[in-house]
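*Asks:* Before I ask anything, let me first share the structure, which is written out below as structure tokens.
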Amino acid sequence: MISTAMKPMLSARTFRAIIIATSLSTLAACSPPPSSKVLIETGNKSIISSYQAFSLASQKLNKAATSYCKAAEDNQKFETVRSTWREAVLGWSTVQNIQFGPLMVDNQAWKIQFWPDKKNLIARKVEALLKESDVITPQRVDDASVVVQGLSSLEYLLFDAKAGTLERYTGEKGQRRCELLVAVSDHLNNVSSGLYNSWRADGGNYISTFSKTGEKNTEFPDDNIAIGYLLDTLVSGVELIKRDKLERPLDITTGGNGEENHPLQTQVYQLEWWRSQYSKQAIITNLHALKNIFNANEAYGLDDYLRDVKQQSALSDKINDGFKRCIAAASAIEGSLFSIANKPEHRQPILAFDSELANLLAVLRNDLPTALGVSLGFNSKDGD
Amino acid sequence: MTILLRQLLLIIGLSTLTLNALAAPNMPSPMEKRAVAVHYTDIAYAIYSDAEKSAEALQGKVDAFLKAPDQKGLVEAQTAWKLARKAYLQSEAFRFGNPIVDDWEGQLNNWPLDEGIIDYVDDDYFYALGNIGGDLNIIANTTLNLGSDTVDASQINKELLRNLHELGGSAANVTTGYHAIEFLLWGQDLNGHGPGAGERPYTDYLQSEQCSHGNCDRRADYLRAATAVLLEDLQYMSQQWAPGVDNNYRAQLLAMDNDTIIARMFYGLGSLSLGELGGERIKVALEANSTEDEHDCFSDNTHWSHYYDGLGIQNIYLGQYQRLDGTLLTGPSLSKLVASVNTDVDKNTRQALDKTMTALTVLVNAAEAKDKPMKFDMMIAEGNKRGEEILGNILNALVDQTRGIEQSAAAINIDPTATGL
């Protein structure tokens with residue numbers, strides 16, 4: 001917050017103020033410039049702690065699955081596996097939108113989630129694997145299609161109306177299903193802890209790559225490029241929620257103005273996490289996480305940078321307010337998106353949420369790039 | 001898919017702008033930009049006209065085949081279908097930046113489809129969860145039952161197929177376009193990751209007691225109608241790009257300011273490279289080991305589709321297009337605009353585009369090899385290291401080329417997202 005303090009003092013133009021300002025600027029020369037500080041603090045306070053939480057949640061899920069499979073008829077333990085799966089989904093939702101770094105290498109994200117599953121591949125590939133005779137190990141899961149890996153596969157194993165029930169885990173065939181449940185959760189645990197370790201200073205130290213920019217840093221030759229990736233994360237994150245998580249599955253074409261004059265043609269099986277009916281919670285967590293990245297989890301984030309360096313406090317507040325409004329609108333939706341998708345009486349809150357997302361997205365896409373002095377690039381979701 | 005492999009555009013920072021102003025490289029003049037924009041519409045007109053002509057040729061072969069169905073006629077129709085894809089795939093570089101193309105392309109090229117909406121399928125057939133049209137089988141049913149609604153399908157004609165396309169809002173309900181025709185010519189590819197494409201017998205169209213799989217008359221009607229729809233659609237689009245037509249898309253586009261048009265050009269190239277070709281058409285199939293996500297899954301012609309998509313992107317950047325009759329159309333290009341400001345950036349982008357074409361040529365050569373050809377559906381099999389490498393190289397090249405496209409746009413101060421869309 002040095003520069004916030006500095007500005008009014010300089011404008012005061014008193015001798016004392018200049019002295020203080022000089023000493024502060026000396027101080028500033030030793031400490032990183034604001035743009036670097038944004039990177040360091042966003043990386044450390046927001047991103048790394050999200051990866052850590054996701055890794056811990058995956059570990060917990062793996063333990064719960066292992067414990068359950070020792071006594072597969074225990075309903076309470078089965079429910080524990082389900083609830084730890086939910087926690088892991090929320091953990092994933094905090095890092096899902098990050099557009100750079102270890103998550104992008106070798107398709108880590110796909111190992112965690114396969115969505116949308118347009119052709120019901122998850123059910124088909126999981127059942128095909130169960131019919132094989134090979135021993136199921138995390139390695140076997142790693143060699144297999146991404147479709148049988150990660151949270152999506154686990155969701156099928158834990159929540160599918162036919163395949164994800166306690167009964168399917170009992171008996172001779174059930175044992176193999178349990179082996180798969182444990183192996184997939186083990187594999188997920190490896191993937192998520194791998195991501196966390198790649199970021200940590202005492203691990204792969206990606207935090208240093210991200211925050212120490214310069215000519216020798218081929219990925220981030222200067223701070224603006226790294227800030228551009230943060231911008232991308234925010235914009236594409238909100239875009240993904242609006243278009244893929246809400247509008248496409250729920251057939252929203254009005255742009256949120258509430259006037260719909262065609263019969264609804266929802267595609268509920270394209271909702272994220274439809275089997276567990278957990279899509280709304282995941283969306284809310286996404287929004288909290290994106291807001292958290294914007295604010296560097298209350299440390300020195302893009303919000304402060306906008307305010308101090310770019311003299312854009314109004315925009316900074318507007319973005320934070322936009323996130324709050326989106327979160328409130330999503331929280332106001334009653335019931336799961338899957339269950340209310342085709343109920344006209346539940347339509348209004350959904351459209352209201354969509355409209356808030358549109359407002360936020362417009363600010364992020366139109367105003368934020370200009371204010372930060374960076375611009376948006378192409379995105380692999382630009383296809384159809 | 002879930003990953004957003006977004007590549008970032010760097011420039012436009014204040015410092016860069018200042019630098020540009022100081023170093024004062026002359027930005028392309030409005031006249032130069034205009035020439036590139038006009039040539040872009042000329043290329044579009046040539047490509048869509050070629051697509052139209054080759055669809056006409058397909059229609060000729062289909063009619064001949066249906067008149068006297070035999071194996072030779074079927075193969076000739078299949079060959080004509082493959083030729084008809086050549087110009088169309090190159091036209092895809094006009095997608096994404098031009099709404100008229102995107103609002104229209106679904107009826108020509110939607111995939112993957114739930115083919116059970118059209119005709120008979122194997123017992124192992126799966127369709128998208130919740131799709132009310134997934135096993136309608138229009139060919140076998142004169143009345144289609146849609147829960148509370150019924151549709152009279154006694155006459156299979158263009159109107160019926162257009163009405164049923166994307167039934168229930170599902171993009172898997174594909175009743176028109178190249179892939180519907182492909183399915184009618186090849187049938188399902190039941191070989192999974194093994195060698196071989198669809199093996200529909202020509203007897204499926206015999207108008208006699210030897211008709212296989214029933215309803216040969218309706219199947220012939222369907223093929224005839226779907227081919228006619230395709231041709232109509234292409235006629236419509238080539239007219240949209242024809243010069244001297246009042247208020248067609250070409251006229252509307254050229255009424256926009258130069259930078260918006262050039263942004264649309266770049267936007268189409270980047271989106272097709274990374275999101276569509278790289279993401280949807282290669283990466284999903286490869287990572288999921290899913291033949292369901294193969295682009296031309298009935299005919300195993302996917303390698304050529306990918307190749308011509310790549311070529312289409314390169315065409316636009318270089319301002320060139322080789323017509324189906326062999327003549328080469330050349331003119332003012334993005335490449336020249338960029339080179340006039342920064343030769344290095346232009347060179348890098350051209351090299352990146354070349355690298356992609358080299359990687360796509362490896363794909364085509366492997367798929368067309370005389371000895372043990374490896375088709376796309378074999379490459380995406382679990383554990384196929386060579387296939388993974390071939391496709392991985394294409395993906396990497398597409399990522400690099402997208403970065404090149406972004407840098408080229410930045411070099412001439414174009415924000416590719418400022419498309420006015």
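The values are calculated or read from the model by the stated rules, or taken from the named source; none is laboratory data. Just so it is clear, the model here is predicted, and its values are computed rather than measured. FYI the Cβ positions are ideal-geometry reconstructions off the backbone, even for glycines, and counts take in every protein chain you see.
*Asks:* Within the range A:112-143, restricting attention to residues that are of a type in the set (K, R) and within 9 Å of another protein chain (Cβ to nearest Cβ), which residue is surrounded by the most Cβ atoms within 10 Å (Cβ to Cβ)?
*Replies:* By that ranking, first place goes to A:K125.
*Asks:* Among the numbered conditions (1) over 30 Å from B:D400 (Cβ atoms); (2) within 14 Å of chain B (Cβ to nearest Cβ); (3) not in a helix (DSSP H, G or I), tell me where A:A282 comes up short.
*Replies:* That leaves (3) as the condition not met.
*Asks:* What about B:D309, is it more than 22 Å from B:D354 (Cα to Cα) and either assigned to a loop (DSSP other than H, G, I, E, B) or touching a residue at least 24 places away in the same chain (Cβ under 8 Å) (or both)?
*Replies:* no
*Asks:* Here is a follow-up. Can you tell me which residues in the range A:70-93 are among the small types (G, A, S), outside any helix (DSSP H, G or I) and either at pLDDT 95 or above or surrounded by fewer than 18 Cβ atoms within 10 Å (Cβ to Cβ) (or both)?
*Replies:* A:A71
*Asks:* Does B:G97 meet the test of being over 30 Å from B:G147 (Cα atoms) and assigned by TED's automatic domain parsing to the domain that holds B:V229?
*Replies:* yes
*Asks:* Here's a follow-up. Checking A:L56 against (1) in contact with a helix residue (DSSP H, G or I) (Cβ under 7 Å, 6 or more places away or on another chain); (2) hydrophobic (A, V, I, L, M, F, W, C); (3) modelled with pLDDT of 95 or more, which single condition isn't satisfied?
*Replies:* (1)
*Asks:* Then there is this: Mind checking which residues of the range B:94-141 are within 11 Å of another protein chain (Cβ to nearest Cβ), under 21 Å from B:T302 (Cβ atoms) and within 23 Å of the chain's Cα centre (by Cα)?
*Replies:* B:R95, B:F96, B:E105, B:G106, B:N109, B:N110, B:W111, B:P112, B:L113, B:D114, B:Y127, B:A128
*Asks:* While we're here: Is there a residue in the range B:75-93 that is under 18 Å from B:A46 (Cβ atoms), within 13 Å of chain A (Cβ to nearest Cβ) and modelled with pLDDT of 95 or more?
*Replies:* Within the range B:75-93, one or more residues are under 18 Å from B:A46 (Cβ atoms), within 13 Å of chain A (Cβ to nearest Cβ) and modelled with pLDDT of 95 or more.
*Asks:* A follow-up question, please. Looking for whichever is under 22 Å from A:D223 (Cβ atoms), in a helix (DSSP H, G or I), away from chain B (no Cβ under 14 Å) and among the aliphatic types (A, V, I, L, M) here; the options are A:L364, A:L306. Which one fits?
*Replies:* On inspection, the qualifying residue turns out to be A:L306.
*Asks:* Separate question: Where the second residue is outside any helix (DSSP H, G or I) and of a type in the set (S, T, N, Q) and the first is in contact (Cβ under 8 Å) with a residue 60 or more places away in the chain and within 14 Å of A:L234 (Cα to Cα) and lies in the range A:289-307, which pairs have Cβ atoms under 9 Å and are six or more apart or on separate chains?
*Replies:* The qualifying pairs are A:A289/A:Q96; A:A289/A:N97; A:L290/A:N97; A:I293/A:N97; A:G301/A:N295; A:L302/A:N295.
*Asks:* Of all residues being of a type in the set (D, E, K, R) and at pLDDT 95 or above in the range A:153-167, which is farthest from the chain's Cα centre (by Cα)? Just the residue, please.
*Replies:* Looking at residues that are of a type in the set (D, E, K, R) and at pLDDT 95 or above, I get A:D160.
*Asks:* Do the conditions hold for B:A285, that is, is it in contact (Cβ under 8 Å) with a residue 12 or more places away in the chain, assigned to a helix (DSSP H, G or I) and in the same structural domain as B:G383 (by TED's automatic domain parsing)?
*Replies:* yes
*Asks:* Right, something else. For the range B:88-110, enumerate the residues that are outside any helix (DSSP H, G or I) and either at positive phi or β-branched (V, I, T) (or both).
*Replies:* Result: B:F96, single match.
*Asks:* Can you find a residue that is within 13 Å of chain A (Cβ to nearest Cβ), closer than 26 Å to B:A263 by Cβ, buried (at least 18 other Cβ atoms within 10 Å of the Cβ) and within 22 Å of the chain's Cα centre (by Cα) anywhere in the range B:307-326?
*Replies:* Among the residues of the range B:307-326, at least one is within 13 Å of chain A (Cβ to nearest Cβ), closer than 26 Å to B:A263 by Cβ, buried (at least 18 other Cβ atoms within 10 Å of the Cβ) and within 22 Å of the chain's Cα centre (by Cα), which makes the answer yes.
*Asks:* Name the pairs whose Cβ atoms lie under 6 Å apart, with the first residue in the range A:185-198 and within 12 Å of A:A88 (Cα to Cα), the second in a helix (DSSP H, G or I) and among the hydroxyl-bearing types (S, T, Y), and 6 or more positions between them or separate chains?
*Replies:* A:L188/A:S58; A:N189/A:S58; A:S192/A:S55; A:S192/A:S58
*Asks:* Oh, and also: Please verify whether A:Q108 is crowded, with 23+ Cβ neighbours inside 10 Å, touching a residue at least 60 places away in the same chain (Cβ under 8 Å), within 9 Å of chain B (Cβ to nearest Cβ) and out of contact with any Cys (no Cβ under 8 Å at 6 or more places or on another chain), treating the condition exactly as stated.
*Replies:* No: the conditions fail for A:Q108.
*Asks:* Right, here's the next one. Name the residues in the range A:112-160 that are under 21 Å from A:N190 (Cβ atoms) and among the charged types (D, E, K, R), would you?
*Replies:* Hits for the range A:112-160 are A:K125, A:D134, A:R140, A:D142, A:D143, A:E155.
*Asks:* Then there is this: Could you tell me whether any residue of the range B:339-351 is closer than 21 Å to B:E276 by Cβ, out of contact with any Gly (no Cβ under 6 Å at 6 or more places or on another chain) and of a type outside the set (S, T, Y)?
*Replies:* no
*Asks:* Within the range A:196-233, which residues are more than 11 Å from chain B (Cβ to nearest Cβ) and either in a helix (DSSP H, G or I) or under 17 Å from the mean Cα position of the chain (by Cα) (or both)?
*Replies:* Selection gives A:Y196, A:N197, A:S198, A:W199, A:Y206, A:I207, A:S208, A:T209, A:F210, A:S211.
*Asks:* I've got another one for you. Over 17 Å from the mean Cα position of the chain (by Cα), surrounded by fewer than 18 Cβ atoms within 10 Å (Cβ to Cβ), more than 14 Å from chain A (Cβ to nearest Cβ) and aliphatic (A, V, I, L, M), is that true of B:A220?
*Replies:* No.
*Asks:* Could you figure out which of (1) under 17 Å from B:L398 (Cβ atoms); (2) in contact with a helix residue (DSSP H, G or I) (Cβ under 6 Å, 6 or more places away or on another chain); (3) among the acidic types (D, E) isn't true of B:D354?
*Replies:* Here B:D354 meets the rest and fails (2).
*Asks:* Just one of A:A341, A:A289, A:A371 is within 14 Å of another protein chain (Cβ to nearest Cβ) and under 28 Å from A:V268 (Cα atoms); which is it?
*Replies:* A:A341
*Asks:* Within the range B:263-279, identify whether any single residue is polar (S, T, N, Q), in contact (Cβ under 8 Å) with a residue 12 or more places away in the chain and more than 14 Å from every other protein chain (Cβ to nearest Cβ), and answer yes or no.
*Replies:* No, the range B:263-279 contains no residue that is polar (S, T, N, Q), in contact (Cβ under 8 Å) with a residue 12 or more places away in the chain and more than 14 Å from every other protein chain (Cβ to nearest Cβ).
*Asks:* Restricting to the range A:330-355, give me the number of residues that are part of a helix (DSSP H, G or I), free of Cβ contacts under 8 Å to residues at least 40 places away in the same chain and of a type in the set (A, V, I, L, M).
*Replies:* Result for the range A:330-355: 1.
*Asks:* In addition: Within the range A:309-329, count every residue that is part of a helix (DSSP H, G or I), charged (D, E, K, R) and out of contact with any Lys or Arg (no Cβ under 9 Å at 6 or more places or on another chain).
*Replies:* 3
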